[in-house]
1. Considering only segment 248-265, how many residues are assigned to a strand (DSSP E or B) and surrounded by 13 or more Cβ atoms within 10 Å (Cβ to Cβ)?
2. Do any helices (runs of 4 or more DSSP H) lying entirely in segment 44-97 carry at least 1 residues that are touching a Phe, Trp or Tyr at 6+ places or on another chain (Cβ under 9 Å) and of a type in the set (S, T, Y), and which ones are they?
3. Among the residues of segment 171-182, how many are away from the ligand (no atom under 15 Å from the Cβ) and of a type in the set (A, V, I, L, M, F, W, C)?
4. Restricting to segment 60-73, give me the number of residues that are more than 10 Å from the ligand (Cβ to nearest atom) and crowded, with 17+ Cβ neighbours inside 10 Å.
5. Right, V227: buried (at least 20 other Cβ atoms within 10 Å of the Cβ), of a type in the set (V, I, T) and either away from the ligand (no atom under 16 Å from the Cβ) or under 15 Å from P37 (Cβ atoms) (or both) or not?
6. Somewhere in segment 243-252, is a residue under 23 Å from the mean Cα position of the chain (by Cα) and either of a type in the set (A, V, I, L, M) or over 28 Å from L198 (Cβ atoms) (or both)?
7. Based on what the data block shows, is F176 over 19 Å from the mean Cα position of the chain (by Cα), on the phi < 0 side of the Ramachandran plot and among the aromatic types (F, W, Y)?
8. Please find, among V199, V204, the residue that is of a type in the set (A, V, I, L, M), in contact with an Asp or Glu (Cβ under 9 Å, 6 or more places away or on another chain) and within 27 Å of G301 (Cα to Cα).
Amino acid sequence: AQLARLIRRPWQQTPEDWEIRAELEAGLMAQDAAISPKYFYDPLGSKLFEAICELPEYYPTRTEAAIFEQHADDIAAAIGTGVTLVDLGAGNCAKAARLFPTLKPRQYVPIDISAEFLREAVAGLRQQFPDIPMHEVAMDFSAGLELPATVSRDRRLFFYPGSSLGNFDAQQALAFLRRMRHALQIGEAGGVLLGLDLVKDADVLDAAYDDELGVTAAFNLNLLNHVNRLLGTDFNARDWQHVGFYNAPRQRVEMHLEARHDLIVHWDGGHRAFLRGERIHTENSHKFRQQDIHDLLEQAGFGEVRMWCDAQRWFAVCHARV
Ligand code: AVI
C-alpha cells in the first residue's frame, strides 16, 4: 500500500490522515504554536472566505476585479487567446470565469484543495460556458504542480490571483514560482498571471483583516472546528479570540488565535496547555512593493513582466513569461 501511494500522482493522492495529523500535532506542540492557513478551507471556511470577499473592508477582491475590468484588452493582448488556463486555488471559479470572454481559453483547469466546493462550482460553470472544456483537479498544489496527462501542456497560463502568493513566506513564494516556471518549461511557452496586494496604510490593512461584522474572526475561528475533525482535538472556539493586524517591519498581515483564559487542548496521544493571551499563528499575508514583485519574478526566472495597478496603487495584476 505504501509503494502504491508513492507511485500515485499528486492529483491521485489524498494526504493520508496520519500525515495531516502529524503536521497539525507538530504545529500545536511547537513553542510558537502554528496551524497552516490551508486548513481554513473546509466547506464552511470556503463559504466564509467568499463572504470576506464581499466585505466593505476587504478591498483586494474588488480592487483586483476592477483592474481586470479596466485593463481587460491590454491584459488579454499580453497573454494571447487560446491558453490552457490553470486556476490555482480556484475556489468558486468566479475570478477566472470573468476572464473567459476575453481570453477564450482552450481548456479550463481549476485546482483547489476543497474538493466538494470545487465540484459544485465547476458544475455551475459548465452550464454557463458549455464550449469551454473544463477539467477540475482537487489537490494540494503547494505540494506539487504535476497535472494529469489530460491537461494540455500547450501554452499553460498559471492563474494565481487574490494575492494568495502572499500567504507563503518569501522563500516558499520564490520556490513556488520556480516550480511554476519549471512546469511551464516542459510545454509550449506559457506564463503566469498573478494578483498581488501592495503595501499601504496600516489602518486599511488592519480593517481588512479585522472587519466590523466579525466575518474574518469567524473564518479564523472555524479553523479550530476543522482541526477538531482532523486531529480529534477538543478546541472550543468560544475560548479563543481572533487577532489580525499589519506587522509593518515584516511587511505582512498576521492572523492569530488568542486564548481567552488558561486552558488545555487534548487529542488522542497528546495535549498542549495555553496560558491566557497565548497565541496560535494561523496566517501571514505578505504585502508587496512593485519592485519586490519584479525582483521575485526575475529571481524565479521569469521575464517580459507587465504590471497593471488601480489608481490608488493598492493592488497589482502582473503577467510574466518563462
Ligand atoms: C486567500 N488569501 C489571499 C487571503 C488573504 O488576504 O491573505 C485569505 C484571508 N485571510 C483573511 N482574510 C482573507
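1. 10
2. Once the helices (runs of 4 or more DSSP H) in segment 44-97 are filtered for at least 1 residues that are touching a Phe, Trp or Tyr at 6+ places or on another chain (Cβ under 9 Å) and of a type in the set (S, T, Y), what remains is 59-70.
3. At the first step, the residues of segment 171-182 found to be away from the ligand (no atom under 15 Å from the Cβ) are 171, 174-175, 177-182.
Right, trim to of a type in the set (A, V, I, L, M, F, W, C) and you get 174-175, 177, 180.
Summing the residues that are away from the ligand (no atom under 15 Å from the Cβ) and of a type in the set (A, V, I, L, M, F, W, C) in segment 171-182 gives 4.
4. Looking only at segment 60-73, we keep the residues that are more than 10 Å from the ligand (Cβ to nearest atom), and these are 62-73.
Now drop any that are not crowded, with 17+ Cβ neighbours inside 10 Å, which leaves 63-65, 67-68, 71.
Qualifying residue count for the region: 6.
5. Numbers: buried (at least 20 other Cβ atoms within 10 Å of the Cβ): yes; of a type in the set (V, I, T): yes; either away from the ligand (no atom under 16 Å from the Cβ) or under 15 Å from P37 (Cβ atoms) (or both): yes.
Spelling it out, V227 is indeed buried (at least 20 other Cβ atoms within 10 Å of the Cβ), of a type in the set (V, I, T) and either away from the ligand (no atom under 16 Å from the Cβ) or under 15 Å from P37 (Cβ atoms) (or both).
6. For segment 243-252, residues under 23 Å from the mean Cα position of the chain (by Cα) and either of a type in the set (A, V, I, L, M) or over 28 Å from L198 (Cβ atoms) (or both): present.
7. Details: over 19 Å from the mean Cα position of the chain (by Cα): no; on the phi < 0 side of the Ramachandran plot: yes; among the aromatic types (F, W, Y): yes.
So F176 does not fit the description; no.
8. Details: V204 fails: within 27 Å of G301 (Cα to Cα).
Of V199, V204, the one residue that is of a type in the set (A, V, I, L, M), in contact with an Asp or Glu (Cβ under 9 Å, 6 or more places away or on another chain) and within 27 Å of G301 (Cα to Cα) is V199.
The values are calculated or read from the model by the stated rules, or taken from the named source; none is laboratory data. Note that this is a predicted model, so its numbers are computed, not measured. FYI the Cβ positions are ideal-geometry reconstructions off the backbone, even for glycines, and counts take in every protein chain you see.
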